[in-house]
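Only one structure is covered here, and it is reproduced in the block below.
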Amino acid sequence: CHTHVRHSKSPLWMSFCMLGQFRTTLRPFFAALAQPFISARVDPTIITLLGIPFALAGAYAFATHQWGWALILLPLAGIWDAIDGTVARAQGKQSLWGNYFETMIDKLVEIILFIGLAFVAPIPAIAALGFGLLSSYAKPRVALVIITDNRDWPAIGEHADKMVLLFAGTLWAALSPAQGMSIISITLGLIALISLIGTLQRMKYAKHLIHEAEKKGTILPYLKAGKER
């Protein structure tokens, strides 16, 4: 498991690997997919935005219980997140704004899909989306307290974890359409569960980072005068 966090005596909660960390292994595959866009000199921003129409179509497929189409559209909605960065590097168009924009569109794609899933199983979909957003918020929120970087956080329930689990559930539903709604409901419940666990893991890791920053004196300046809750 590749991570920027290296402690020889790391507790168990810091040892979870996330599927997103396997991107390095899959880089040759993504590079092959990106090559036609590199050759055609397609702007990376356009590639990033391609996820939105596929997400909308996928959300409609989920909402109308067309599990076969959802199975096809789900990976098509998410694959662009892995390609646009490769294209940007090849074209020399990497930028801080591009990194931010890509992440925001990635989250938008996820929200669109869960809106479609809410027509299938409202409560599990809301729980999955809500806990997922809470887990995402845990990481940037700590930057309002300490000086930190975009290190890898040891927690489950990241975007890749949720999408792989959703794909597996959609495949199961496509193979057993009569039980499709129940299968999707169970899948969303599992996504909500891993997102909740991931949130708790991130909160514990944030506590570790804050205590570490207090010792090093890297608390943000506006908080040094007096600790605030």
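The values are calculated or read from the model by the stated rules, or taken from the named source; none is laboratory data. The structure displayed is predicted, hence computed values, not measured ones. We place every Cβ from the backbone using ideal geometry, glycine too, and count neighbours over all the protein chains shown. The area values use the complete protein model at the heavy-atom level, side chains included, leaving out ligands, DNA and RNA. Shrake-Rupley method; radii C 1.70, N 1.55, O 1.52, S 1.80 Å.
May I ask you to list the residues in region 105-126 that are under 13 Å from the mean Cα position of the chain (by Cα) and among the β-branched types (Val, Ile, Thr)?
Ile105, Val109, Ile111
Can you tell which of Leu96, Leu133 is modelled with pLDDT of 90 or more and not small (Gly, Ala, Ser)? It would help to see each step written out before you state the result.
Numbers: Leu96 fails: modelled with pLDDT of 90 or more.
It is Leu133.
Based on what the data block shows, is Phe16 assigned to a helix (DSSP H, G or I) and either modelled with pLDDT under 95 or within 30 Å of Lys207 (Cα to Cα) (or both)?
Numbers: assigned to a helix (DSSP H, G or I): no; either modelled with pLDDT under 95 or within 30 Å of Lys207 (Cα to Cα) (or both): yes.
Here the answer is no, as Phe16 does not meet what is asked.
Kindly indicate which of Ile79, Ile72, Ile112 is out of contact with any strand residue (DSSP E or B) (no Cβ under 7 Å at 6 or more places or on another chain), at pLDDT 95 or above, closer than 22 Å to Pro44 by Cα and open to solvent by 10 Å² or more (accessible area, probe 1.4 Å).
Selected residue: Ile112, the only one of Ile79, Ile72, Ile112 that is out of contact with any strand residue (DSSP E or B) (no Cβ under 7 Å at 6 or more places or on another chain), at pLDDT 95 or above, closer than 22 Å to Pro44 by Cα and open to solvent by 10 Å² or more (accessible area, probe 1.4 Å).
Do we have Leu196 as at pLDDT 95 or above, more than 15 Å from the chain's Cα centre (by Cα) and open to solvent by 10 Å² or more (accessible area, probe 1.4 Å) here?
The answer is no for Leu196.
Could you go through region 202-224 and let me know if any residue there is open to solvent by less than 40 Å² (accessible area, probe 1.4 Å) and either under 20 Å from Met104 (Cα atoms) or among the basic types (Lys, Arg) (or both).
Yes, because at least one residue in region 202-224 is open to solvent by less than 40 Å² (accessible area, probe 1.4 Å) and either under 20 Å from Met104 (Cα atoms) or among the basic types (Lys, Arg) (or both).
Would you point out the residue of region 131-156, among those that are of a type in the set (Gly, Ala, Ser) and in contact (Cβ under 8 Å) with a residue 60 or more places away in the chain, that is surrounded by the fewest Cβ atoms within 10 Å (Cβ to Cβ)?
By that ranking, first place goes to Ala138.
Give me a count of the residues in region 82-131 that are within 21 Å of Ala192 (Cα to Cα) and not hydrophobic (A, V, I, L, M, F, W, C).
8
Take Leu50 and tell me if it is crowded, with 19+ Cβ neighbours inside 10 Å, within 19 Å of Thr170 (Cβ to Cβ) and touching a Phe, Trp or Tyr at 6+ places or on another chain (Cβ under 7 Å).
For Leu50, the condition - crowded, with 19+ Cβ neighbours inside 10 Å, within 19 Å of Thr170 (Cβ to Cβ) and touching a Phe, Trp or Tyr at 6+ places or on another chain (Cβ under 7 Å) - is not met.
Conditions first: (1) closer than 30 Å to Ala57 by Cβ; (2) of a type in the set (S, T, N, Q); (3) surrounded by fewer than 16 Cβ atoms within 10 Å (Cβ to Cβ). Thr170 passes all but one, so which condition is the exception?
Of (1) closer than 30 Å to Ala57 by Cβ; (2) of a type in the set (S, T, N, Q); (3) surrounded by fewer than 16 Cβ atoms within 10 Å (Cβ to Cβ), only one is false for Thr170: (3).
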